[in-house]
Amino acid sequence: MERVALVTGGSRGIGAAISLALKNEGYKVAATYAGNDEAASKFSNDTGINTYKWNVASYEESVAGLNSVQGDLGSIDTVVANAGITRDAPFHKMTPDQWNEVVNTNLTGVFNTIHPLWPSMRDQKFGRVIVISSINGQKGQFAQVNYSATKAGDLGIVKSLAHEGARNGITANAICPGYIATDMVMDMPEKAIEATISQIPTGRLGEPEEIARCVLFLASEKSGFINGSTISANGAQFFV
């Protein structure tokens, strides 16, 4: 049976690697994006993967977007909630807007993506929910109270969904990447990159494709007994 996968934030960085890996594995893939039309268009042209634009922080936009995807590709049974933003600031300088923007995208956005699809997954007795959290949701990070809180909250979502979905063939798991060689990280000053790598026992940054391989494993029908779990992919930088 051909599976249909949705990857939010799926046209750039880790999300792009996940989208492409799923396509190469035989999934029909839809990748969402929030604002960079040029990057999304190039990604679609290069890969043949359909891209869809909506703001995951809006439930109404998410429902409309999901309906559009399913009208084009069929019923979505595999969801990778990857979309996320940062609005970093030390806590004493963090504004309510910085807090709310990150919470609405990184935490509520996961609800908005999964909730409309949950009934159909229950009906068809199969579903794969994979949430991309972060090492900073496990250990915290300076100037990221908002981001770390949402990524820790994402882990609570998958644990609870695992309980609710298990009897209907639905699994929910999380991946916590460490520092990955995306454009955003590689745009940091060279000294900052060197300082980051010095904290990673493996001695290098991770590659987006390494996170994508974790997704392929969790999305597989053969991974049905793994539910409510977290994969830490951080080069031994942090253990839980």
Filter the stretch 184-216 down to the residues that are charged (D, E, K, R) and either surrounded by 11 or more Cβ atoms within 10 Å (Cβ to Cβ) or not in a helix (DSSP H, G or I) (or both) and list them by number.
Asp187, Arg204, Glu207, Glu209, Glu210, Arg213
Is it the case that the stretch 188-201 has a residue that's in contact with a strand residue (DSSP E or B) (Cβ under 8 Å, 6 or more places away or on another chain), of a type in the set (A, V, I, L, M, F, W, C) and either within 30 Å of Asn100 (Cα to Cα) or in contact (Cβ under 8 Å) with a residue 40 or more places away in the chain (or both)?
no
Farther than 21 Å from Met184 by Cα, exposed (fewer than 15 other Cβ atoms within 10 Å of the Cβ) and in contact (Cβ under 8 Å) with a residue 24 or more places away in the chain: does that describe Phe126?
no
So for the stretch 179-194 (the condition being small (Gly, Ala, Ser) and either within 14 Å of the chain's Cα centre (by Cα) or under 23 Å from Trp118 (Cα atoms) (or both)), does at least one residue qualify?
no
Taking Val158 and the conditions (1) farther than 22 Å from Phe91 by Cβ; (2) within 20 Å of the chain's Cα centre (by Cα); (3) surrounded by fewer than 21 Cβ atoms within 10 Å (Cβ to Cβ), which numbered condition does it fall short on, given that it satisfies the others?
(3)
Has the stretch 149-168 got any residue that is assigned to a helix (DSSP H, G or I), among the hydrophobic types (A, V, I, L, M, F, W, C) and at pLDDT below 95?
no
Would you please name the residue that is nearest to the chain's Cα centre (by Cα), looking only at residues in the stretch 51-67 that are within 21 Å of Tyr27 (Cβ to Cβ) and surrounded by fewer than 17 Cβ atoms within 10 Å (Cβ to Cβ)?
Lys53
For Ala31, work out the one condition from (1) under 22 Å from Ser133 (Cα atoms); (2) touching a Gly at 6+ places or on another chain (Cβ under 9 Å); (3) touching a residue at least 40 places away in the same chain (Cβ under 8 Å) it doesn't fulfil.
(3)
Has the stretch 147-154 got at least one residue that is in contact with a strand residue (DSSP E or B) (Cβ under 9 Å, 6 or more places away or on another chain) and either buried (at least 22 other Cβ atoms within 10 Å of the Cβ) or among the small types (Gly, Ala, Ser) (or both)?
yes
Hits in the stretch 217-234 - residues which are over 12 Å from Gly178 (Cα atoms) and either part of a loop (DSSP other than H, G, I, E, B) or polar (S, T, N, Q) (or both):
Ser220, Ser223, Gly224, Phe225, Ile226, Asn227, Gly228, Ser229, Thr230
With respect to Gln237, determine if the residue is in contact (Cβ under 8 Å) with a residue 24 or more places away in the chain and either of a type in the set (Ser, Thr, Tyr) or assigned to a helix (DSSP H, G or I) (or both).
no
Regarding Ala174, is this residue under 13 Å from the mean Cα position of the chain (by Cα), hydrophobic (A, V, I, L, M, F, W, C) and either crowded, with 23+ Cβ neighbours inside 10 Å or at positive phi (or both)?
yes
Candidates Asn36, Asn50, filtered to the one that is more than 26 Å from Cys176 (Cβ to Cβ), among the polar types (S, T, N, Q) and free of Cβ contacts under 8 Å to residues at least 40 places away in the same chain
Asn50
Which one of the conditions (1) closer than 18 Å to Asn106 by Cβ; (2) without any contact (Cβ under 8 Å) to a residue 60 or more places away in the chain; (3) surrounded by 18 or more Cβ atoms within 10 Å (Cβ to Cβ) does Ile231 fail to meet, given that it meets all the rest?
(1)
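The values are calculated or read from the model by the stated rules, or taken from the named source; none is laboratory data. What you see is a predicted model, and the numbers here were worked out from it, not measured in a lab. Counting neighbours? That spans all protein chains shown, and the Cβs are built from the backbone with ideal geometry, glycine included.
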